[in-house]
1. Could we say that SER107 is modelled with pLDDT of 95 or more, hydroxyl-bearing (Ser, Thr, Tyr) and closer than 27 Å to ILE234 by Cβ here?
2. Taking the condition of being more than 9 Å from the chain's Cα centre (by Cα) and either under 15 Å from LEU23 (Cβ atoms) or not basic (Lys, Arg) (or both), how many residues in region 113-131 meet it?
3. Can you name the number of the only condition in (1) at positive phi; (2) open to solvent by 60 Å² or more (accessible area, probe 1.4 Å) that ASN213 fails?
4. Can you tell me how many residues within region 237-252 are open to solvent by 20 Å² or more (accessible area, probe 1.4 Å), under 20 Å from the mean Cα position of the chain (by Cα) and not basic (Lys, Arg)?
5. Considering GLY77, GLY116, which residue is within 15 Å of the ligand (Cβ to nearest atom), under 18 Å from THR162 (Cβ atoms) and not hydrophobic (A, V, I, L, M, F, W, C)?
6. Of all residues in region 99-126, how many are surrounded by fewer than 24 Cβ atoms within 10 Å (Cβ to Cβ) and under 22 Å from GLU65 (Cα atoms)?
7. Open to solvent by 10 Å² or more (accessible area, probe 1.4 Å) and more than 17 Å from LEU29 (Cβ to Cβ): which single residue out of SER150, SER189, SER159 fits that description?
8. Would you confirm whether any residue within region 127-138 is among the small types (Gly, Ala, Ser), under 21 Å from TRP237 (Cβ atoms) and either open to solvent by less than 10 Å² (accessible area, probe 1.4 Å) or within 16 Å of the ligand (Cβ to nearest atom) (or both)?
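The values are calculated or read from the model by the stated rules, or taken from the named source; none is laboratory data. Remember, it's a predicted structure, so these values are computed and weren't measured experimentally. So basically every Cβ, Gly included, is an ideal-geometry build from the backbone, and we count neighbours across all protein chains shown. The protein model used for the area step is the full one, side chains on, heavy atoms only, and it has no ligands, DNA or RNA in it. Shrake-Rupley method; radii C 1.70, N 1.55, O 1.52, S 1.80 Å.
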Amino acid sequence: MTDRYLPPKKIPTSLWDSPQTLLRLPTQLTTAYATEIEARNLLDAAINNEPDTGPTGGISPQETELHFATRFSGSCGRTALAALDPKSELRDASDRIIGALSGGKVSMLDIPCGTGAGAAALLTTIATLREQDCIPCHPLEVRLLGGDNSPHALQIANSLWTRITPALRTQAITLHHELMKWDVKDEASTVDLLSKWLNKGHDSRLHFILAANFSGFLGTSSNLKNAQSQLNHIFQWAGTRAAQTIWIEPQTNIADSFLSELYANAIKRVRRLFTTSSENPLKPHAKSECTQQHPLTKPKRFNVRLSLMMLDHKERTP
Ligand SMILES: C[S@@+](CC[C@H](N)C(=O)[O-])C[C@H]1O[C@@H](n2cnc3c(N)ncnc32)[C@H](O)[C@@H]1O
């Protein structure tokens, strides 16, 4: 791609160190994360465990806290890497994400939001790009709804999103967030989630779905079978609003086959409204990887590898 909104050479070094292929999380995010980690007495767990290891989320408070301490920064890194795409490996993902969050009212659904990594990384990355004059700073109002099955994760996400709100405001981004308990296997809870998201966005310029790191749960065939009809509802309603969907997973065999299956199903449901930017329908996801700086212990680095699938309205050009 030639004329990107954010040409890789314009990415500030505070986010991407090109010679070292090193990703750094936005300062607004690392500050909020460090404060939240300290408030929860999780500093030892965050520093002494290898990043991006440990439980992939869970319902119990203990599993959720350990996930927050060990996996939160890797989840953020994957989302930030998708938005920046510094190695130009993700087709038009960066243009679609930056275009979606360029201004106006946007209704965003983050599922499963866990402790809030995805939306927090996306919005603070946009704020940093605005702060550094890499992209225009038009007023942007984000109505963000996060859904997850873990009440404890929802509490942490609520606190974290509240912490980043003032920093976003300095870059003309107004964040209104709400969280709700949601079970992907349960039809009534999915209908509640969708109706809340759609009502919040009745006058939005764009509906946006960010789905990330769900293959640990949905990658098993029994969970996927129980969740399938709810996922179909999500895609169908996303289709009626011409929503833009970004699905991000780590690079694993399970995530690869999960994304292929998900894509095949989504395209069947919303054939008229969506397309994908993949040239190969058998491989609907693009991949990228880099090294990431640990947000709490700067010398520490770890690998970030993502697979990404996008669904968008047929006629929208990024
Ligand atoms: C690996 S985490 C990903 C969270 C977040 N997207 C991120 O990138 O950090 C997986 C999340 O799925 C949630 N989860 C597990 N089973 C679920 C279900 N049946 N319905 C909704 N969420 C579920 C867990 O509570 C956990 O927060």
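1. yes
2. 10
3. For ASN213, the failing item is (2).
4. 5
5. GLY116
6. 2
7. Only one candidate passes the filter, namely SER189.
8. no
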